Ligand SMILES: [Zn+2]
Ligand SMILES: [Zn+2]
Ligand SMILES: [Zn+2]
Ligand SMILES: [Zn+2]
């Protein structure tokens with residue numbers, strides 16, 4: 001309770017801060033909790049054998065009775081990938097989100113056998129839904145690298161909290177669905193208690209170019225390619241995929257889609273109308289045998305050098321159906337995420353060594369970010385005019401830069417907090433403060449389930465030193481009755 | 001023998017191609033071999049427990065009787081770090097190189113107890129030395145991030161081969177020692193059989209800015225810092241260290257040097273006159289207690305987030321003497337090498353979270369490369385006008401780009417080879433070709449010695465799966481006589 005005897009609003013991000021990944025945010029008022037997104041992160045190199053990283057869910061397990069539902073901003077893995085793991089541990093009565101995200105989530109829940117554990121409800125732009133007694137959530141169309149993405153305005157008893165979700169400001173989006181800036185401005189005019197805003201590119205000056213900026217550059221590459229074309233990008237970058245499919249039609253090439261996630265996203269996006277193209281644009285893998293090289297574009301996963309993705313396998317000559325041949329033009333229409341740079345450039349080198357012409361790199365104009373840069377952040381602050389500001393979705397440096405920008409735009413320093421996962425941001429109508437912490441850390445998942453810290457430390461040590469086992473039998477007096485059998489694994493024996 | 005019955009010249013790089021690291025190159029004519037540099041590389045993340053990576057030395061072990069000596073271009077680890085390991089396996093009768101590299105090498109050999117295994121001879125610019133009957137090597141001053149660096153012109157019975165070593169073209173070097181372009185041009189005029197040229201920045205358009213470009217930007221940071229200053233850069237970047245020391249004097253700060261390699265390089269560079277500054281500029285670590293914050297600059301290792309380096313330890317709060325405090329200004333005067341990006345940004349985040357103002361990033365103008373970019377490569381080709389061209393010192397993409405540039409400048413495609421480690425480049429007066437391979441691979445060194453492939457694979461598997469040991473005693477009939485003892489390490493037990 002604050003001094004006005006009105007309860008406070010608590011905002012507790014369990015993931016997504018000091019990192020890009022596993023975005024999961026708790027909004028709590030009195031005895032009601034709603035969740036905004038529940039994402040996963042991918043393991044770093046020292047997390048041996050780990051497939052997936054989740055936020056610590058202790059706080060949610062302990063407060064499961066308060067959970068009224070979840071709102072989902074968009075269908076990226078760092079926003080919906082954690083939902084099945086949450087549902088295994090506690091109930092989420094209802095999940096509201098955009099059609100594409102809900103379609104992708106539906107697949108995930110079916111695959112995990114969890115489809116009956118919650119209700120999925122799709123929302124349209126400007127739709128308002130009620131969760132519990134305290135939360136009215138309005139979905140505001142935004143622009144991002146995946147189609148059908150939203151910012152949200154959460155009406156609470158203390159005022160309106162706007163969470164941008166992931167956004168860029170793209171005035172010429174590929175699907176024609178522009179950012180609903182009017183709605184943001186309307187809230188700014190009426191008064192916004194607090195803004196939580198995407199900080200991914202807070203270190204990048206200027207504006208992020210529109211997605212359409214890649215079109216002429218990819219068009220030129222399509223026009224100049226003489227043999228087969230292969231293009232790799234993020235499967236979830238629906239707009240980019242859309243451009244590639246349009247160019248395939250323009251340049252009279254058939255499209256062979258390779259990689260499960262790419263097939264899956266294209267199917268859903270076509271089904272929902274975010275991608276429009278004729279059925280006969282697509283050909284199955286086996287058609288590669290009969291189509292001429294200049295009639296084909298192969299659209300694959302693997303733009304980040306992921307070990308099991310199609311493009312990586314192709315580069316290693318262990319893809320079951322596709323081998324590189326001289327004359328192939330291979331396009332990396334994605335920038336490597338910092339931790340993936342080495343894997344990506346090694347993949348490029350392997351492809352070049354097999355005779356492919358590989359087109360990659362920032363100077364080619366074949367990739368733009370899905371996240372706004374500094375001038376876009378300023379526009380967001382200018383439109384919403386929030387009283388309090390919390391930079392989210394970014395590493396610490398990015399949060400600090402974003403907070404500095406808000407101060408340059410007139411938000412007092414004491415009205416901004418730079419927070420970490422697990423921090424309890426407590427809002428009254430007059431104040432913002434960090435009011436403590438809930439358990440934050442991470443939970444690691446490998447093929448067998450959740451992996452604890454001690455196990456990870458043991459794996460790291462095994463990796464560095466190897467293991468020696470000595471087995472022998474002794475009699476009751478402790479005398480050896482068999483010669484000891486010594487086994488070494490991962491140990492250096494030639495000194 | 002070629003058709004003129006004249007023996008061929010063989011150039012066999014054992015390392016440094018398809019990578020940046022462990023540069024080691026063999027020149028062979030009849031029964032004589034000389035080596036140019038012998039470097040090491042640092043392990044990638046999946047090389048568990050490995051400290052150092054060396055090229056496969058099989059070819060040299062088998063041809064040890066032919067080795068007449070080694071020439072060293074400059075004192076970077078990727079050029080001299082492997083020499084002690086070579087000397088453990090075979091004799092190198094004499095090593096010629098610049099004074100600074102020989103001073104650093106001398107330390108290495110003393111530390112390894114190998115000082116009596118070879119003769120170290122220092123060379124001056126334009127000095128010519130004979131190795132065996134077939135090789136006359138001329139040292140040509142060049143400009144690079146370390147002081148006292150050379151290109152070489154190797155006179156062979158077939159003609160002159162120029163190896164650029166690592167270079168940028170800096171017309172205003174910090175130590176006044178400009179690139180000896182006249183000597184390169186003189187060789188170009190007389191005729192160069194083959195050029196081997198540094199490809200590190202072959203993907204970067206334009207010229208690399210001079211080292212002096214960082215001066216005004218660092219100067220401004222020094223002028224604006226109100227509390228302590230900490231600056232981290234590569235210890236071997238002698239010119240950068242020189243600038244930092246000059247600025248410390250200008251801004252009346254004492255310098256506390258932290259990190260063994262930084263202390264070592266500064267000592268040698270001052271000793272040889274590459275860095276000139278008064279003794280009383282330096283203060284020991286313990287002086288931090290009595291000096292005012294605004295009177296100090298701490299110069300440290302750790303610009304790449306190396307786990308054991310001083311700046312990394314400081315960021316983790318486990319440095320024995322230095323803790324970050326609010327008001328500190330910390331400058332990263334180095335760009336992260338791609339594989340180190342995550343380690344560097346995590347270090348920066350940790351420093352910022354402790355209240356330091358951290359200055360980093362490409363847009364600050366506080367780092368320039370020590371390697372030339374595309375226009376510098378073109379100038380090198382224009383000055384030396386080689387008949388044959390072999391791009392070296394770079395990953396495959398960079399070598400391909402460099403080869404393409406040479407073709408744009410009129411060198412016929414058949415006069416260029418893009419090679420890999422272990423390839424035998426065979427030169428006659430009229431031709432260049434890849435005439436086979438020698439064993440190439442890598443040799444890994446951990447604290448116990450050389451580590452073989454199978455051991456590395458076992459370590460990787462242990463890292464991903466952990467290990468289960470079951471120990472029990474059985475009697476002669478195979479009946480259990482003790483209950484089995486089961487030990488798990490790195491294994492998930494909660495499914
Ligand atoms: Zn995101
Ligand atoms: Zn996103
Ligand atoms: Zn080098
Ligand atoms: Zn170098």
Relative intensity, log₁₀ I(q)/I(0), of the range A:198-241 from a Debye sum that treats every alpha carbon as a point, q = 0.25 Å⁻¹:
-1.04
Sort B:71-82, B:356-367 by packing, meaning the average of other beta carbons within 10 Å per residue, with the highest value first.
B:71-82, B:356-367
Percent of alpha carbon pairs in the range A:4-68 separated by more than 15 Å?
57
Out of all Cα-Cα pairs in the range A:330-450, roughly what percent, to the nearest whole number, are more than 16 Å apart?
74
10 Å Cβ neighbours from other chains, averaged over peptide A:342-353
4
Write down Rg/Rh for the range B:273-412, rounded to two decimals, with Rg from the C-alpha atoms and Rh from the Kirkwood relation over Cα pairs.
1.13
So what are the three principal axis dimensions of the range A:376-434 from its Cα atoms, in whole Å, longest to shortest?
28, 28, 15
Viscosity 1.002 mPa s, temperature 20 °C, Stokes-Einstein D of chain B from Kirkwood C-alpha radius, µm²/s:
87
A convex hull over the alpha carbons of the range B:28-103 yields, per residue, a volume in Å³ of 102
Rh_Kirkwood(the range A:180-266) over Cα pairs, Å, one decimal, evaluates to 16.4
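Shielding by partners for B:390-398, please: the mean number of other protein chain Cβ atoms within 10 Å of each residue's Cβ.
What the average comes to for B:390-398 is 3.
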Can you give me the relative contact order of chain A as a percent, contacts being Cα pairs under 8 Å and 6 or more apart?
18
What area, in nm² and to one decimal, does the C-alpha convex hull of the range A:105-153 cast on average over all directions?
4.4
Return, for the Cα atoms of the range A:156-231, the radius of gyration and Dmax in Å, separated by a comma.
18.5, 62
So what are the radius of gyration and Dmax for the Cα set of the protein assembly as shown, in Å?
31.1, 101
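Order of B:268-276, B:254-262 by packing, highest average Cβ count within 10 Å first?
With the highest mean Cβ count within 10 Å placed first, the list reads B:254-262, B:268-276.
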Rank by packing, highest mean first: peptides A:10-18, A:397-405, with packing defined as the count of other Cβ atoms within 10 Å averaged across residues.
A:10-18, A:397-405
State, in angstrom, two size descriptors of the range B:36-152 derived from its alpha carbons: Rg to one decimal place and Dmax to the nearest whole number.
14.5, 44
Rounded to a whole number, the Stokes-Einstein D of the range B:280-357 in µm²/s (Kirkwood radius over Cα pairs; 25 °C; 0.890 mPa s) is 187
Over all distinct Cα pairs, what is the inverse of the mean 1/r for the range B:117-253, reported as the Kirkwood hydrodynamic radius in Å?
17.4
Per-residue average of other protein chain Cβ atoms inside 10 Å, peptide A:361-373 -> 0
Tell me, what is the Rg over Rh of the range A:80-131, with Rh the Kirkwood radius over Cα pairs?
0.96
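Every number in this text was worked out from the coordinates using simple rules, so none of it is lab data. Fair warning: this is a prediction, and the values are worked out from it, not measured in the lab. Here Cβ is always computed from backbone atoms with ideal geometry, including for glycine, and neighbour counts include all displayed protein chains.
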